[in-house]
1. Would you be able to tell me the number of residues in region 80-92 that are out of contact with any His (no Cβ under 8 Å at 6 or more places or on another chain) and open to solvent by less than 90 Å² (accessible area, probe 1.4 Å)?
2. Which count do you get for residues in region 294-317 that are in contact with a helix residue (DSSP H, G or I) (Cβ under 9 Å, 6 or more places away or on another chain) and assigned to a loop (DSSP other than H, G, I, E, B)?
3. Starting from region 118-137, keep only residues that are aliphatic (A, V, I, L, M), then list their pairs with residues that are open to solvent by 30 Å² or more (accessible area, probe 1.4 Å) and assigned to a loop (DSSP other than H, G, I, E, B) whose Cβ atoms are within a distance under 6 Å, requiring at least 6 positions of separation or different chains.
4. Give just the number: which of (1) more than 30 Å from Pro284 (Cβ to Cβ); (2) open to solvent by 70 Å² or more (accessible area, probe 1.4 Å); (3) among the hydrophobic types (A, V, I, L, M, F, W, C) does Met256 not satisfy?
5. Going by the conditions given, is Leu165 in the same structural domain as Ser127 (by TED's automatic domain parsing), open to solvent by less than 10 Å² (accessible area, probe 1.4 Å) and within 16 Å of the ligand (Cβ to nearest atom)?
6. If a residue has to be in contact (Cβ under 8 Å) with a residue 40 or more places away in the chain and part of a helix (DSSP H, G or I) to count, how many in region 244-265 make the cut?
7. Given (1) out of contact with any strand residue (DSSP E or B) (no Cβ under 7 Å at 6 or more places or on another chain); (2) within 13 Å of the ligand (Cβ to nearest atom), where does Phe102 come up short, assuming only one miss?
Amino acid sequence: MTNYVNPNLILESSRLEPGEVTWRSPSNLAIVKYWGKHGQQLPKNPSISLTLSSAFTDTKLAYKPKESGDTAISLKFFFHEEENEPFRKRIVNYLESLKDIFPFLGQLDITIRSGNSFPHSSGIASSASAMSALALCLCSMEDRFFGTLDDDAEFDKKASFVARLGSGSACRSIYPAAALWGEYAGVPGSSDLFAVPMKDNIHDVFRHFHDDILIVSSKPKKVASSAGHGLMENNPFAEVRYADARRRLQFLLEAMNKGDLDTFGRIAENEALTLHGLMMSGNPSYILMQPATISILDRIREYRKESGNPVYFSLDAGPNVHVLYPEDVIHEVRPFIEEELLPFCEERTWLQDWVGEGPVEL
Ligand code: DP6
């Protein structure tokens with residue numbers, strides 16, 4: 001089992017120069033969803049996602065030798081240039097939990113400045129991009145201080161492992177194009193502990209795929225992801241769901257490999273609705289879709305029938321809709337979205353996104 005606990009990663013403070021490291025990391029959209037977890041951020045079923053591009057987080061981490069002698073995490077945190085105490089607390093807890101993996105964190109005064117490309121509170125979940133960007137910064141620091149992560153594949157694997165501990169879905173944002181997280185017999189090397197790259201296993205059509213995010217509501221989520229995962233523990237459909245996700249994954253992987261858009265779209269839509277069905281059948285139960293969400297989903301299906309264009313939807317755990325389509329129909333689909341779907345959106349807000357090349361160090 002991968003175990004990154006390493007008591008040797010201790011700095012000789014007298015030699016440490018202050019420095020900084022910056023990463024830009026994208027969000028991702030799960031096609032087979034992760035919903036239900038156990039133990040230390042371990043998924044109940046494997047999931048696969050497309051890595052996005054224009055929805056990203058930039059995180060700059062500045063460090064210097066600590067002035068006080070203790071080893072508690074010392075952190076200043078700015079979100080869009082403003083100090084943010086709730087975020088700071090969450091990140092202090094996260095960094096404290098990582099001190100076995102990166103003991104040098106207790107030796108530094110750290111300042112993090114972070115910001116998203118998408119408008120603050122646009123309703124787009126940002127934990128995947130934010131936690132992956134931070135995990136990448138931590139791995140870059142380790143490599144800079146100790147030279148221990150010069151192998152790119154090892155670097156990515158550790159970044160994915162560390163990102164998972166911050167937010168499960170974040171472990172998939174490390175890789176370009178597509179990633180799979182969770183042990184799955186069909187994919188050698190797959191693991192519950194980190195995601196693996198899938199770029200070379202998908203057809204070209206998915207490397208140039210669009211995911212336009214329609215904002216039906218920018219209000220904060222009704223239920224936080226962690227609480228949502230928790231509700232699966234007493235959901236009567238949970239075990240059936242986990243088995244079904246595995247079965248679907250097999251069909252989805254074949255479809256993504258062959259470029260079979262029809263099967264891909266059927267599974268993507270069904271997964272989105274299943275996620276919401278699980279929320280609706282939980283105790284307590286949540287309805288996260290809004291009337292406008294349903295109108296958009298209906299309209300997408302009608303449009304697909306009328307036009308024959310391969311346009312599909314997906315959803316996260318909220319009311320906003322992801323519209324999925326390949327590059328070659330963009331000139332027909334964009335006007336359809338603008339004329340027929342944006343009237344259902346809050347102030348006609350949408351974010352044009354597409355499958356991207358993964359995180360970059362800035
Ligand atoms: C619906 O990764 O946000 O987006 O691990 O508790 O941080 P935590 O949950 P999170 O859950 C994401 C759920 C999802 C589906 C998915 O991305 O697979």
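The values are calculated or read from the model by the stated rules, or taken from the named source; none is laboratory data. Predicted model only: the values in this text are computed from it and were never measured. Neighbour counts are summed over all protein chains in view; Cβ atoms, including those assigned to glycine, are modelled from backbone coordinates with ideal geometry. For the accessible areas, the whole protein counts, side chains as well, though only heavy atoms, and no ligand, DNA or RNA atoms are used. Shrake-Rupley method; radii C 1.70, N 1.55, O 1.52, S 1.80 Å.
1. Step one: filter region 80-92 for residues out of contact with any His (no Cβ under 8 Å at 6 or more places or on another chain), giving 81-92.
Of the ones still in play, those that are also open to solvent by less than 90 Å² (accessible area, probe 1.4 Å) are 84-85, 87-88, 91-92.
Result for region 80-92: 6.
2. The initial filter retains those residues of region 294-317 that are in contact with a helix residue (DSSP H, G or I) (Cβ under 9 Å, 6 or more places away or on another chain), namely 295-297, 299-301, 303-304, 307, 309-317.
So of that shortlist, the ones also assigned to a loop (DSSP other than H, G, I, E, B) come out as 309-311, 316-317.
Selection size over region 294-317: 5.
3. Qualifying pairs under 6 Å: Ala125/Asp316.
4. Every condition holds for Met256 apart from (2).
5. Working: in the same structural domain as Ser127 (by TED's automatic domain parsing): yes; open to solvent by less than 10 Å² (accessible area, probe 1.4 Å): no; within 16 Å of the ligand (Cβ to nearest atom): yes.
No.
6. Of the residues in that region, 14 qualify.
7. All conditions are met except number (2).
For every residue, the table says whether it meets (1) surrounded by fewer than 19 Cβ atoms within 10 Å (Cβ to Cβ); (2) in contact with a strand residue (DSSP E or B) (Cβ under 8 Å, 6 or more places away or on another chain).
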{"site": "Glu271", "(1), (2)": "no, yes"}
{"site": "Met279", "(1), (2)": "no, no"}
{"site": "Asn283", "(1), (2)": "yes, no"}
{"site": "Tyr286", "(1), (2)": "yes, no"}
{"site": "Ile296", "(1), (2)": "no, yes"}
{"site": "Asn309", "(1), (2)": "yes, yes"}
{"site": "Leu315", "(1), (2)": "no, yes"}
{"site": "Pro319", "(1), (2)": "no, no"}
